[in-house]
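The values are calculated or read from the model by the stated rules, or taken from the named source; none is laboratory data. Quick caveat, the model's predicted, so the values are computed rather than measured. Reconstructed Cβ throughout: ideal geometry from the backbone, glycine too, with neighbour counts over all protein chains shown. For the accessible areas, the whole protein counts, side chains as well, though only heavy atoms, and no ligand, DNA or RNA atoms are used. Shrake-Rupley method; radii C 1.70, N 1.55, O 1.52, S 1.80 Å.
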Amino acid sequence: GENVEQHPSTLSVQEGDSAVIKCTYSDSASNYFPWYKQELGKRPQLIIDIRSNVGEKKDQRIAVTLNKTAKHFSLHITETQPEDSAVYFCAASNYGQNFVFGPGTRLSVLP
Amino acid sequence: DTAVSQTPKYLVTQMGNDKSIKCEQNLGHDTMYWYKQDSKKFLKIMFSYNNKELIINETVPNRFSPKSPDKAHLNLHINSLELGDSAVYFCASSQAGVAYEQYFGPGTRLTVT
């Protein structure tokens, strides 16, 4: 079955700097890769996603890149703000049916 | 106008009891899930239902039994609760094969004493 790894497990950046979180997946049949943000005590919220027919997607300060050959995908957050502090999860899915999550990255943005 | 809702939000109970968590989605999705999030924040899928049929059943004790009365509802019943069942349980839904996006309910924090 699918296995998703995520690095780093914790990340601290200064406000205004960029943050990058990387994930790898094992199943080449996976074709949908969402990223979720989970604030303390809240539900995971979808922040951006990418499908396997696209190499990059951007939405304001966040972007996701996908390398299908290497089975890597990454989340990039630019101009980080304190409200970006949260746990971020990547996931891999085949056609939106089975979602396998990475272990999460705790991002702290220091003022 | 809540998309995915769960009840109750908090559940405190004693070992050996039986409890249920209810989930409803009004997004018109055909696939619903139960996840367990432990104290280390790992999100692990437990069950997945597509059009009321079980399609994913991970290695979960058979004390956990999901029930989907219709496409909009997926309930989780837990028998003989154990201390290790303490966790946050999230329900989620998606539209498989079309939109793919998965949306989560607010979670149910289960504490077994």
### Query
Any idea which residue in region A:66-111 is surrounded by the fewest Cβ atoms within 10 Å (Cβ to Cβ), counting only those that are in a strand (DSSP E or B), of a type in the set (Val, Ile, Thr) and touching a Lys or Arg at 6+ places or on another chain (Cβ under 7 Å)?
A:Val87
## Note on the structure
Heads up, the strands (runs of 3 or more DSSP E) in region B:74-113 (entirely inside) with at least 2 residues that are closer than 11 Å to B:Thr13 by Cα and away from chain A (no Cβ under 11 Å) are B:108-112
### Query
Name the residues in region B:26-58 that are within 11 Å of chain A (Cβ to nearest Cβ), among the polar types (S, T, N, Q) and either in a loop (DSSP other than H, G, I, E, B) or in contact with a Ser or Thr (Cβ under 7 Å, 6 or more places away or on another chain) (or both), would you?
B:Thr31, B:Ser48, B:Asn50
### Task
Please specify each residue of region A:27-45 satisfying the condition of being at pLDDT 95 or above and of a type in the set (A, V, I, L, M, F, W, C).
A:Phe33, A:Trp35
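Yes/no matrix, rows are residues, columns are (1) of a type in the set (A, V, I, L, M); (2) within 14 Å of chain B (Cβ to nearest Cβ); (3) within 21 Å of B:Gly97 (Cα to Cα):
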{"site": "A:Thr24", "(1), (2), (3)": "no, no, no"}
{"site": "A:Pro34", "(1), (2), (3)": "no, yes, yes"}
{"site": "A:Gln38", "(1), (2), (3)": "no, yes, no"}
{"site": "A:Leu75", "(1), (2), (3)": "yes, no, no"}
{"site": "A:Glu79", "(1), (2), (3)": "no, no, no"}
{"site": "A:Phe101", "(1), (2), (3)": "no, yes, yes"}
#### Entry: Failed criterion for B:Ser48 (all others in (1) polar (S, T, N, Q); (2) over 20 Å from B:Tyr10 (Cα atoms); (3) open to solvent by 60 Å² or more (accessible area, probe 1.4 Å) hold)
(3)
### Query
In this structure, is B:Pro69 open to solvent by 30 Å² or more (accessible area, probe 1.4 Å), away from every other protein chain (no Cβ under 12 Å) and of a type outside the set (S, T, N, Q)?
yes
### Task
Output yes when any residue across region A:41-52 is open to solvent by 50 Å² or more (accessible area, probe 1.4 Å), within 11 Å of chain B (Cβ to nearest Cβ) and touching a Lys or Arg at 6+ places or on another chain (Cβ under 6 Å), and no when none is.
yes
